[in-house]
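Engineer: Sharing a structure below in structure tokens format, with a few things to ask.
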Amino acid sequence: MVEVIMTIAILGIVISPLISIFILSQKINNTSELEYKTMLFAQNYMEEVQELNEINGDIYEYINDTNSFERLIYEDDIVTKIVLKPCNDIIYDIEIEVSQNGKVLNTLSGSKIIN
């Protein structure tokens, strides 16, 4: 009987840290998956902007205060903000920001010549 109790106690001592390692591993996997997903969103929208020949006023809203065009995209609980800001007559800076619950998860920037 004492041997059984000792065995159960030793198993409990050994298994407890392993369970916490599995929980931590799952949290890290969830965070990595979200980061990967948001980077894919940013890359997909960057490719979409790179294919533009002109800025569509139905999709992009002109913001007077910042002299830029903006677009907000909502997918599940993730918000993607695309900002096109002119540097000169034809070159635009592109800023893509992916956030969740107000926290910025990923950003991507570039430039594009748009006539």
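Engineer: Being hydrophobic (A, V, I, L, M, F, W, C) and either under 24 Å from Tyr36 (Cα atoms) or surrounded by 14 or more Cβ atoms within 10 Å (Cβ to Cβ) (or both) is the filter here, so list the residues in the range 72-99 that pass it.
Structural biologist: Within the range 72-99, Leu72, Ile73, Ile78, Val79, Ile82, Val83, Leu84, Ile94, Ile96, Val98 meet the criteria.
Engineer: Restricting attention to the range 69-87, does a residue exist that is hydroxyl-bearing (Ser, Thr, Tyr) and either within 17 Å of Ser109 (Cβ to Cβ) or touching a His at 6+ places or on another chain (Cβ under 7 Å) (or both)?
Structural biologist: Taking every residue of the range 69-87 in turn, at least one turns out to be hydroxyl-bearing (Ser, Thr, Tyr) and either within 17 Å of Ser109 (Cβ to Cβ) or touching a His at 6+ places or on another chain (Cβ under 7 Å) (or both).
Engineer: Now for a different question. So which of Gly57, Gly110, Gly102 is farther than 22 Å from Glu35 by Cβ and surrounded by fewer than 14 Cβ atoms within 10 Å (Cβ to Cβ)?
Structural biologist: Working: Gly110 fails: farther than 22 Å from Glu35 by Cβ; Gly102 fails: farther than 22 Å from Glu35 by Cβ.
Residue meeting the stated conditions: Gly57.
Engineer: Ok, one more. Given the conditions (1) in a loop (DSSP other than H, G, I, E, B); (2) surrounded by 11 or more Cβ atoms within 10 Å (Cβ to Cβ), which single one is not true for Asn115?
Structural biologist: Single failed check for Asn115: (2).
Engineer: Has the range 33-42 got any residue that is assigned to a strand (DSSP E or B) and surrounded by 12 or more Cβ atoms within 10 Å (Cβ to Cβ)?
Structural biologist: Looking through the range 33-42, none of the residues is assigned to a strand (DSSP E or B) and surrounded by 12 or more Cβ atoms within 10 Å (Cβ to Cβ).
Engineer: Kindly state which strands (runs of 3 or more DSSP E) lie completely within the range 59-101 and contain at least 1 residues that are at positive phi and of a type in the set (Ser, Thr, Tyr).
Structural biologist: Fully inside the range 59-101 and qualifying: nothing.
Engineer: Then there's this: Which residues, taken from the range 82-105, are over 21 Å from Ile59 (Cβ atoms) and either within 10 Å of the chain's Cα centre (by Cα) or modelled with pLDDT of 95 or more (or both)?
Structural biologist: Of everything in the range 82-105, those that are over 21 Å from Ile59 (Cβ atoms) and either within 10 Å of the chain's Cα centre (by Cα) or modelled with pLDDT of 95 or more (or both) turn out to be Gln100, Lys103, Val104, Leu105.
Engineer: Within the range 78-113, which residues are of a type in the set (Asp, Glu) and in contact with an Asp or Glu (Cβ under 9 Å, 6 or more places away or on another chain)? Working first, answer last.
Structural biologist: First, the residues of the range 78-113 that are of a type in the set (Asp, Glu): 89, 93, 95, 97.
Residues satisfying the conditions do not exist here.
Engineer: Just one of Ile90, Ile96, Ile59 is free of Cβ contacts under 8 Å to residues at least 60 places away in the same chain and either of a type in the set (Lys, Arg) or touching a helix residue (DSSP H, G or I) at 6+ places or on another chain (Cβ under 9 Å) (or both); which is it?
Structural biologist: That would be Ile96, the only listed residue that is free of Cβ contacts under 8 Å to residues at least 60 places away in the same chain and either of a type in the set (Lys, Arg) or touching a helix residue (DSSP H, G or I) at 6+ places or on another chain (Cβ under 9 Å) (or both).
The values are calculated or read from the model by the stated rules, or taken from the named source; none is laboratory data. Since the structure is predicted, the reported quantities are computational estimates derived from the model, not experimental observations. Cβ sites come from the backbone with ideal geometry, for glycine too, and all protein chains shown count toward neighbours.
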